[in-house]
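Before any comments, here is the structure.
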Amino acid sequence: MTVTTGLVTDERYLLHDPGTWHPERPDRLKAIIKQLKFSGLWNELTIIPPWEEGVLPWVEAVHDPAYIRRFEQACQKKQSIFMVPDCGICDRSYEIALLAVGGVLAGAEAIMQGEVANAFCAVRPPGHHAEYNRAMGFCFFNNVAIAAVYLLKQHGLERVAIVDWDVHHGNGTQHLFEADPRVFYLSLHEDPDYCYPGTGRRKEKGRGPGEGYTLNLPLPPRSGDEDYLEALEKEGLPRLYDFAPQFVLISAGFDAHRLDPLAHQNLTRRGYTAMGRMLLKLAQDTARGRLMSVLEGGYNLEVLADCVEDHLRLLSGRELKRAEAAEA
Ligand SMILES: [Zn+2]
């Protein structure tokens, strides 16, 4: 059965330029859009434009207002980096980071209004490393965290799950919700001893009222489909079903793929699709199907475009010809 799936994107997401040779480059999004158009899938999706207005208050609901100003000023002054060397910026970066937040807000609202059943947000810059008052790891505003807060505050949801399968631990997302039992944060990532940012150990389980609502499943280098699927199915899913989320958010990074240049994992397209299938089933079982994926990492352009196409085919209930046929 096909369902209406939303695709949040905007050409202006190409305008955030973190500098020559930066892996988080505009070509990532170009590759995704080109492939979706070429495959014809683009025409089957509901294209959702990002919000232009009313976005800043939601960023302020998650990030330090002084930090937000500082980022805006760094762009106005045409600085080339912000806070840390890996957070390259240009004069448009603040505006485009706000537009990325506007994208996830538009996607979340479209799902809550029933305009689409689920959605994928092809936005950049990514967000899951962004802390309350700190830019890190190519991230400035924590898109997925802001979407979660929007769902809690604007729509009165009581339980939102964030599943982060980017190869890197989502330190920002974990820290923003570690004391909040309304948000269950589950991350599958490469062992922090071997991979940026060095957080996300099993012993990090949340704190205070949020204790038990953070679940880190670090995997050793060169883990593949079976390792990821076993961790998600045996450890992650039972906890997610106990939590019974009313909305499922995925921090969808595709940099755990075996051909990605930034880490050392061995996932394939099949592995990603199988994880997506489990989470879609979870959303159907506990959240009336409400699921939104937000792009994080993924730095091999061909792999990224293939994985996003597979994921959108899965979300929209379309045949996964390419994924099933490929051994990539
Ligand atoms: Zn990553």
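Beta carbons closer than 9 Å, at least 6 apart along the sequence or on distinct chains, pair a first residue in region 64-93 that is of a type in the set (K, R) with a second that is not in a loop (DSSP other than H, G, I, E, B) for R70/F82; R92/R12; R92/L15; R92/C75. When region 300-319 is filtered for residues that are more than 16 Å from the ligand (Cβ to nearest atom) and assigned to a loop (DSSP other than H, G, I, E, B), the ones remaining, listed by number, are S316, G317, R318, E319. Residues in region 253-299 that are away from the ligand (no atom under 16 Å from the Cβ) and part of a loop (DSSP other than H, G, I, E, B): T268, A287, R288, G289, R290. Checked against (1) away from the ligand (no atom under 16 Å from the Cβ); (2) in a helix (DSSP H, G or I); (3) of a type outside the set (A, V, I, L, M); (4) farther than 14 Å from V59 by Cβ, G103 passes all but condition (4).
With respect to Y241, determine if the residue is surrounded by 15 or more Cβ atoms within 10 Å (Cβ to Cβ), part of a helix (DSSP H, G or I) and modelled with pLDDT of 95 or more. For Y241, the condition - surrounded by 15 or more Cβ atoms within 10 Å (Cβ to Cβ), part of a helix (DSSP H, G or I) and modelled with pLDDT of 95 or more - is not met.
Every residue in region 244-262 that is among the aliphatic types (A, V, I, L, M) and surrounded by 24 or more Cβ atoms within 10 Å (Cβ to Cβ), please. Once the filter is applied, which keeps residues that are among the aliphatic types (A, V, I, L, M) and surrounded by 24 or more Cβ atoms within 10 Å (Cβ to Cβ), region 244-262 yields V248, L249, I250, A252, A256. No other residue among G200, G208 is within 27 Å of P261 (Cβ to Cβ) and either more than 16 Å from the ligand (Cβ to nearest atom) or among the small types (G, A, S) (or both) apart from G200.
The residue pairs whose first member lies in region 126-144 and is more than 19 Å from V183 (Cβ to Cβ) and within 14 Å of the ligand (Cβ to nearest atom), whose second member is assigned to a loop (DSSP other than H, G, I, E, B) and of a type in the set (A, V, I, L, M, F, W, C), and whose beta carbons are closer than 9 Å, counting only pairs six or more residues apart or on different chains, are M136/M83; M136/A130; G137/A130.
The values are calculated or read from the model by the stated rules, or taken from the named source; none is laboratory data. Predicted, not measured: the structure shown is a model, and the values here were computed from it. Methodologically, a virtual Cβ is constructed for each residue, glycine included, from the backbone with ideal geometry; neighbour enumeration extends over all protein chains shown.
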